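Structure first, commentary second.
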Amino acid sequence: MRRLILIAVPYLWLLALFLVPFLIVLKISLSDIALSIPPYTPQLDLSEGWAGFRAFLSGLDFENFAFLTTDDLYWKAYLSSLQIALLSTVMTLLCGFPIAYGIARAPHEWRPTLLMLVILPFWTSFLIRVYAWMGILNTEGLLNQFLLFLGVISEPLTILNTNTAVYIGIVYTYLPFMILPIYAALEKMDESLLEAAEDLGCSRVSAFWLVTVPLSKSGIVAGCFLVFIPALGEFVIPSLLGGSQTLMIGKVLWEEFFSNRDWPVASAVAIVLLLILIVPIILFQRNQQLQREAEG
Amino acid sequence: MTQTVFAPWNDPDAKPLIEFKGVTKAFGDFVAIDDLSLDIFEQEFFALLGPSGCGKTTMMRMLAGFESVTSGSILLAGKDIGPVPPNKRAVNMMFQSYALFPHLTIWDNIAFGLRRGNASKDEIANRVEDMLRLTRLTKFARRKPHQISGGQRQRVALARSLAKAPKLLLLDEPLGALDKKLRQDTQFELMDIQEKTGTTFVIVTHDQEEAMTVASRVAVMDEGKLIQVSTPDVIYEAPNSVYVADFIGDVNIIEGAAAQEGESVSISWAEGQPPIRARSTRSLTPGQKVHFAIRPEKLSITAERPAEAANAVTGKVLDIAYLGNISTYHVELPSGDVLKAQSANTRRIARRSFTWEDTVWLSWTETAGVVLEQ
């Protein structure tokens with residue numbers, strides 16, 4: 001009985017906060033747009049009993065999903081989101097791995113401080129930090145002034161409102177999610193393994209590729225998913241740092257909801273995004289499970 | 001048929017495989033190895049023995065190339081290996097933690113070093129199979145390190161470090177993680193493998209029993225210096241200092257003033273007790289303070305004073321430690337000193353001759369103990 005209650009708690013949580021909202025969104029995506037409050041039909045009217053329910057069901061259809069295929073905008077937005085998410089994941093890995101490696105190899109007494117510095121940005125609002133990047137990246141911004149002062153460039157660079165700014169924003173925002181799992185994997189690694197590899201004839205570089213990288217694989221995979229999954233649906237960064245040509249599905253979704261007030265199409269966009277994300281989420285879960293099995 | 005005794009260290013023409021020449025290693029202000037010189041010969045099973053922090057592991061890491069030498073030089077087969085990085089040395093090491101690669105199978109762990117060279121696939125496969133047979137691991141080749149027992153892991157580590165057929169194999173506390181029974185079996189296995197492969201082994205250990213069992217020679221270290229380097233029997237029977245006598249096995253140490261006449265020495269050590277009669281080839285100044293060291297098993301314990309004994313003292317049994325095969329008796333002398341004497345339990349315990357509070361005689365011959373100046 002007690003076990004049942006223990007298991008029931010997380011399941012009820014998932015049911016109430018994940019499954020029920022999902023079903024609501026799914027229902028809206030199958031509805032039609034209407035000028036009413038809420039802005040879609042049909043509405044379930046329980047006062048009419050069984051007949052009302054049948055009328056409600058017959059009012060649902062997949063035409064919003066069909067609509068998504070008719071307009072180039074949507075699939076282009078999905079593809080461009082995938083591209084931006086993939087590229088920025090790779091860049092986050094390239095920045096995050098050396099940082100995680102450096103922290104894991106730092107003297108013991110420094111490590112908590114260094115980890116603290118990684119987490120420190122979370123203490124301020126994400127939105128404020130993105131606005132700060134606008135201040136850094138715009139044509140009269142800190143970065144351009146600094147580069148002009150150094151004489152590296154003769155006229156200001158246009159970074160803000162381009163995809164470059166979006167990449168910078170995503171890499172900056174999600175870097176801790178990359179660093180922490182990789183650090184956790186590297187920190188567990190016994191340093192005598194590297195000495196053993198060297199003793200058996202490896203150079204420092206090949207010891208890194210043959211021992212360090214395979215042993216931090218689980219951390220790398222976890223970090224990549226933790227960056228890729230939220231980056232794919234990212235909305236704030238592309239809308240604040242990106243320009244008009246930056247196409248991301250998060251932005252499209254926002255516009256459907258708030259500019260067009262077309263809730264059904266917006267919901268359909270969200271459902272497709274979720275379906276795209278399910279694949280990496282399942283892969284991520286599998287990675288976590290394999291790792292647990294390897295450690296068990 | 002006479003078997004030639006393996007003792008290259010007594011042969012002035014023998015060329016040592018490893019030479020430490022005035023080697024000093026300092027970590028900041030701390031001197032880990034202090035101006036140390038030592039020769040180790042080919043096919044030797046050499047043990048570095050000492051308490052933790054005595055510098056034995058530092059010596060091993062210098063041989064492997066993980067630590068540089070502050071001054072002096074280390075020669076391997078006549079060549080200074082100072083500038084050679086660890087991956088280019090014909091030296092392999094078996095790590096205390098074994099350091100097996102957890103992501104690779106046993107087979108791949110053993111093949112790891114071979115793949116770094118330019119051996120062909122078949123050569124590698126043959127060598128790995130040989131190593132698996134040598135260490136009786138063939139059945140486990142496809143498993144990962146976490147799927148085998150501690151003893152098997154130890155053998156994998158050994159196989160991996162032997163796979164490249166190094167000139168010198170370093171073993172850092174190789175049996176430390178095993179339980180006592182397994183450790184004893186593995187000691188003989190190690191000796192067997194060392195003999196079969198003819199590799200020179202240098203083993204670091206703090207376990208004197210292990211060093212005595214496996215090694216052809218033992219170096220007893222303390223605070224970065226070699227105290228005594230010799231065969232196990234010499235270390236045990238003729239230690240050169242109180243430190244060595246005390247570090248290896250059980251010992252009674254009696255302090256006294258020496259008087260010498262030729263080779264025989266008499267040591268006055270307590271009032272009202274006859275002086276101890278012993279032998280020493282060293283020349284001692286009359287009245288010099290010396291330590292007399294004698295092993296507990298060299299003392300015989302009797303109820304009556306033996307008529308012929310060179311040395312005999314009487315006392316009361318204070319304590320008996322029953323170890324099964326032997327018993328150690330702690331005998332308190334009238335002077336208050338306590339001597340330990342061991343005797344084999346050839347009779348059943350119920351018929352033991354002595355018990356607590358019994359008055360007994362301890363006796364020993366002139367040559368049973370050693371006279372130590374320091």
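The values are calculated or read from the model by the stated rules, or taken from the named source; none is laboratory data. Note that the coordinates shown come from a computational prediction; the quantities given were computed from them, not determined experimentally. Glycine also receives a Cβ, built like all others from the backbone with ideal geometry; neighbour counts cover every protein chain displayed.
Here are a few things to note about the model shown:
- Just one residue in the set B:314, B:285 is more than 16 Å from residue B:368 (Cβ to Cβ), of a type outside the set (Gly, Ala, Ser) and not in a loop (DSSP other than H, G, I, E, B); that residue is B:314.
- Pair list, Cβ < 7 Å and 6+ apart or interchain, from region B:60-80 residues that are assigned by TED's automatic domain parsing to the domain that holds residue B:204 to residues that are among the hydroxyl-bearing types (Ser, Thr, Tyr): B:67/B:58; B:70/B:24; B:71/B:24; B:72/B:24; B:80/B:73
- From the list B:327, B:343, the one residue that fits, being surrounded by 13 or more Cβ atoms within 10 Å (Cβ to Cβ), hydroxyl-bearing (Ser, Thr, Tyr) and either within 21 Å of residue B:254 (Cβ to Cβ) or touching a Cys at 6+ places or on another chain (Cβ under 9 Å) (or both), is B:343.
- Only listed residue being over 20 Å from residue A:203 (Cα atoms) and not β-branched (Val, Ile, Thr), chosen from B:116, B:89, B:142, B:160: B:142
- Flag if residue B:128 is in contact (Cβ under 8 Å) with a residue 60 or more places away in the chain and under 28 Å from residue B:61 (Cβ atoms): no
- When region A:91-109 is limited to residues that are aliphatic (A, V, I, L, M) and surrounded by 13 or more Cβ atoms within 10 Å (Cβ to Cβ), the one that is farthest from residue A:229 (Cα to Cα) turns out to be A:106.
- Check on residue A:178, within 14 Å of another protein chain (Cβ to nearest Cβ), hydrophobic (A, V, I, L, M, F, W, C) and in contact (Cβ under 8 Å) with a residue 40 or more places away in the chain: no
- Every test in (1) touching a helix residue (DSSP H, G or I) at 6+ places or on another chain (Cβ under 8 Å); (2) closer than 29 Å to residue B:135 by Cβ; (3) surrounded by fewer than 16 Cβ atoms within 10 Å (Cβ to Cβ); (4) not basic (Lys, Arg) is passed by residue B:104 save one, and that test is (3).
Here is a yes/no grid of residues against (1) hydroxyl-bearing (Ser, Thr, Tyr); (2) within 14 Å of chain A (Cβ to nearest Cβ); (3) assigned to a loop (DSSP other than H, G, I, E, B); (4) in contact with a Phe, Trp or Tyr (Cβ under 6 Å, 6 or more places away or on another chain):
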{"site": "B:13", "(1), (2), (3), (4)": "no, no, yes, no"}
{"site": "B:24", "(1), (2), (3), (4)": "yes, no, no, no"}
{"site": "B:46", "(1), (2), (3), (4)": "no, no, no, no"}
{"site": "B:62", "(1), (2), (3), (4)": "no, yes, no, no"}
{"site": "B:75", "(1), (2), (3), (4)": "no, no, no, no"}
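- Boolean, residue B:155 is out of contact with any Asp or Glu (no Cβ under 9 Å at 6 or more places or on another chain) and assigned by TED's automatic domain parsing to the domain that holds residue B:19: no
- Of residues in region A:244-296 being in contact (Cβ under 8 Å) with a residue 24 or more places away in the chain and not in a helix (DSSP H, G or I), the one surrounded by the most Cβ atoms within 10 Å (Cβ to Cβ): A:248
- Any hit, region B:91-103, residues being more than 10 Å from chain A (Cβ to nearest Cβ) and either modelled with pLDDT under 90 or outside any helix (DSSP H, G or I) (or both): no
- Selected residue (criterion: surrounded by the fewest Cβ atoms within 10 Å (Cβ to Cβ)) from residues of region B:46-73 that are of a type in the set (A, V, I, L, M) and out of contact with any Leu (no Cβ under 7 Å at 6 or more places or on another chain): B:69
- Taking the conditions (1) away from every other protein chain (no Cβ under 14 Å); (2) part of a helix (DSSP H, G or I); (3) under 20 Å from residue B:104 (Cβ atoms); (4) among the charged types (D, E, K, R) in turn, residue B:142 satisfies each one other than (2).
- In region B:148-177, the residues that are within 11 Å of chain A (Cβ to nearest Cβ) and within 20 Å of residue B:103 (Cα to Cα) reach residues that are crowded, with 23+ Cβ neighbours inside 10 Å and modelled with pLDDT under 90 with C-beta atoms within less than 8 angstrom, at least six apart or across chains, in these pairs: B:157/B:174.
- Matching residues in region A:195-242 - criterion: being of a type in the set (A, V, I, L, M, F, W, C) and either within 9 Å of chain B (Cβ to nearest Cβ) or in contact with a strand residue (DSSP E or B) (Cβ under 6 Å, 6 or more places away or on another chain) (or both): A:196, A:197, A:200, A:202, A:207, A:210, A:211, A:215
Yes/no per residue for (1) part of a helix (DSSP H, G or I); (2) under 19 Å from residue A:227 (Cα atoms); (3) hydrophobic (A, V, I, L, M, F, W, C):
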| site | (1), (2), (3) |
| --- | --- |
| A:121 | yes, yes, no |
| A:156 | no, no, no |
| A:164 | yes, yes, no |
| A:171 | yes, yes, yes |
